[in-house]
Amino acid sequence: MKVRIYTSTTLTIAGAVPGLPLWQLAPTRDSAGARLTDFMMLIPRLRARPPLEIERASRDIQAVLALHQDVVFADLNLKLNLLWVSLRPRPGAISELVAAIRLRVPEAVLVGHYAEPR
């Protein structure tokens, strides 16, 4: 699993090129060629918090993601206050991860679209 954490100007975890759009970095398939799924979570005002609180939140998120073998890639962009997670599809996996992250970082909210019922 690759975890990238951005500040507004620097990359705090090495191994990736800053400035590349996320759609070019986030994998769409795993090493076996199977499609991946993904989700985003908004963490309001995370970048405005003191550095120790940002570090705590990022460590909490990393701890949750490390427990889930389905997670392939994660990106925490502090400039946008946005967490992107790519994982192998499994029924209920996104719900489990979102709930686990919200236990540790309660202000995190899942970003989704509204589809009108037919």
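The values are calculated or read from the model by the stated rules, or taken from the named source; none is laboratory data. For clarity, every value in this text was computed on a predicted model and none was experimentally measured. Cβ sites come from the backbone with ideal geometry, for glycine too, and all protein chains shown count toward neighbours.
Below, the figures for the structure above:
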| read-out | value |
| --- | --- |
| Matching option when the condition is modelled with pLDDT under 90 and out of contact with any Phe, Trp or Tyr (no Cβ under 7 Å at 6 or more places or on another chain), among V64, V105, V71, V17 | V17 |
| Positions within region 97-111 being crowded, with 16+ Cβ neighbours inside 10 Å and either in a helix (DSSP H, G or I) or charged (D, E, K, R) (or both), in sequence order | L97, V98, A100, I101 |
| Hits in region 52-81 - residues which are surrounded by fewer than 18 Cβ atoms within 10 Å (Cβ to Cβ) and not in a loop (DSSP other than H, G, I, E, B) | L52, E53, E55, R56, R59, D60, Q62, A63, A66 |
| Meets criteria (part of a loop (DSSP other than H, G, I, E, B) and modelled with pLDDT of 80 or more) for G33 | yes |
| Residues that are more than 20 Å from R47 (Cβ to Cβ) and without any contact (Cβ under 8 Å) to a residue 24 or more places away in the chain, drawn from region 71-102 | R90, P91, G92, S95, A99 |
| Residue pairs meeting the criteria (Cβ under 6 Å; at least 6 apart or on separate chains; first among the polar types (S, T, N, Q), in region 42-63; second surrounded by 16 or more Cβ atoms within 10 Å (Cβ to Cβ)) | S58/I5; S58/L76; Q62/V3 |
